[in-house]
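Report on the following structure.
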Amino acid sequence: MYQNFKTHLQAELSGIEQAGLYKKERIIISPQGAVIRVADGKEVLNFCANNYLGLSNNAELKDAAKKALDSHGYGVSSVRFICGTQDIHKQLEASIARFFGTEDTILYAACFDANGGVFEPLLGEEDAIISDALNHASIIDGVRLCKAQRYRYANADMEDLENQLKTSQAQRFRLIVTDGVFSMDGNVAPLDKIYALAEKYNAMVMVDESHSAGVVGNTGRGVTERYNLRGKIEIITGTLGKAFGGAIGGFTTGKKEIIDLLRQRSRPYLFSNSIPPMVAGAGIRMFEMMDETNELQDKLHKNTAYFVERMKAAGFDIKPTESAICAVMLYDAKLSQEMAAKLLSEGIYVTGFYFPVVPKGQARIRVQISAAHETEHLDKCIAAFTKVGKELKVI
Ligand SMILES: *Cc1c(COP(=O)(O)O)cnc(C)c1O
């Protein structure tokens, strides 16, 4: 039986390879950080992690994780509502709500699950979900699991959003859904305008703050801080797997009744394990640190401005960014791969993206800045870009 299927899979795989889309894993043998060691023992500067605040290997978080390991054990072997809720899970949920200025929070194993489990319990056939065309795959999958009518608007296009809102007026409830920061361009969703349109057309708003939490806004409280909308958005989803230490875990935070109903009906919450005590304990400490000092957010913002300014001065075409994502535009797919490879041999680890991850003719190298980067790291990166950029006649 397997032989035919095996032949089929081999053909699929070689198709992926021939299209140049085969994904290989690069093995890292050190903790995540500004400097990482790869399998051949070489050290490289890392500019492609979501480690925005540099917390992935933070000593205080590791300490908090070890303490929780000792006090609450390794795992809970249960979903939350049977016997998988420890005091620290409740504390972490409260910390997240405080951080975002929301009413309540529900934890998931990942933000992929938060997005997968948010729509179906809340909305039905008579409702509408109006989704940005560039929303994350997990939002798209979550919407697919829900019977609500689907509307789509072009990325951050407010005219298109308004049209979709008009078209969906016959529906009972409307929910506009957007990423906070779009991961390929680094642009922030225009939440002020989205909110105004939501008010005008009687809609609710959901923002996925995965790439914006910890990053956007003066104190890193995300897009709702950036636009003075704290407490006004019905639903926020996010991850503990990016700026917030990078381990694992996701959440939905927002209006109390919404979170309540998710606890009753959200399938990835009801049928999947609780996050490990280590992650809950370290998460609590992480949000305390966010309250104690703004040092990391300030450093990240300073680093990003420094990098963008000098890259532009060197002649690179950088997409306007309001996050820690800097898209160095090359437009040519092959060039993006060649340039990333050459940068790696210069000790700079970045990733080149091209169609279908970004639109045709929009190939780029995505640089992700971190508070873990020191000025010397940024200078080395800029110098390598400049050297390779001249070699490849990009600048
Ligand atoms: C990374 C990401 C996710 C998935 O987060 P996980 O916790 O890793 O599952 C969801 N949404 C957006 C916008 C993301 O960038």
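Every number in this text was worked out from the coordinates using simple rules, so none of it is lab data. This structure is a prediction, so every number in the text was calculated from the model and none was measured. Cβ atoms come from the backbone with ideal geometry, glycine included; neighbour counts cover every protein chain shown.
Of all lysines in the structure, the ones whose alpha carbon falls short of 30 Å from that of residue 66, not counting any fewer than 8 places away in one chain, are 42, 90, 242, 299. Where in the range 245-281 does the amide nitrogen come within less than 13 Å of the point 7 Å from the Cα of residue 82, taken along Cα to Cβ? Counting backbone N atoms under 13 Å from the label point, the list is 270-274.
Pairs of C-alpha atoms in the chain farther apart than 30 Å represent 44 percent of all such pairs. Peptides 6-14, 304-312 ranked from most to least packed by the mean count of surrounding Cβ atoms within 10 Å: 304-312, 6-14. Site pair residue 5 and residue 70 shows an inter-label distance of 4.8 nm when each label is modelled 7 Å from Cα along Cα→Cβ.
On full extension, the segment bounded by residue 390 and residue 155 gains 81.3 nm, given 0.36 nm per residue less the C-alpha separation.
For the pair residue 91 and residue 137 in one chain, pulling the backbone fully straight at 0.36 nm per residue adds 13.6 nm over the alpha carbon distance.
Taking a cut-off of 13 Å between Cα atoms, list the aspartates and glutamates near residue 147, but don't count ones fewer than 8 places away on the same chain. Within the straight-line cut-off, residue 147 pairs with 120, 125, 126, 127. Each of 22, 201 was scored by other Cβ atoms within 10 Å of its Cβ. Listed from fewest to most, they are 22, 201. Available extension along the chain between residue 383 and residue 173 is 70.4 nm, counting 0.36 nm per residue and deducting the alpha carbon span. Debye-formula intensities of the range 10-107, expressed as log10 I(q)/I(0) at q = 0.15 Å⁻¹, are -0.93 (one equal scatterer per alpha-carbon, no solvent). Return the whole-Å distance between the Cα centroid of the range 314-374 and the Cα centroid of the range 129-168. About 28 Å separates the Cα centre of the range 314-374 from the one of the range 129-168.
For residue 6, a cut-off of 21 angstrom between C-alpha atoms picks up these lysines, skipping any fewer than 8 places away in its own chain: 23, 24.
For the chain, a simple Cβ point-charge model (Lys and Arg +1, Asp and Glu -1, everything else neutral) yields a dipole of about 600 debye relative to the Cα centre. Of the chymotrypsin sites (Phe, Trp or Tyr not before Pro) found in the range 24-76, those in coil by DSSP whose Cβ has at most 12 other Cβ atoms within 10 Å are 74.
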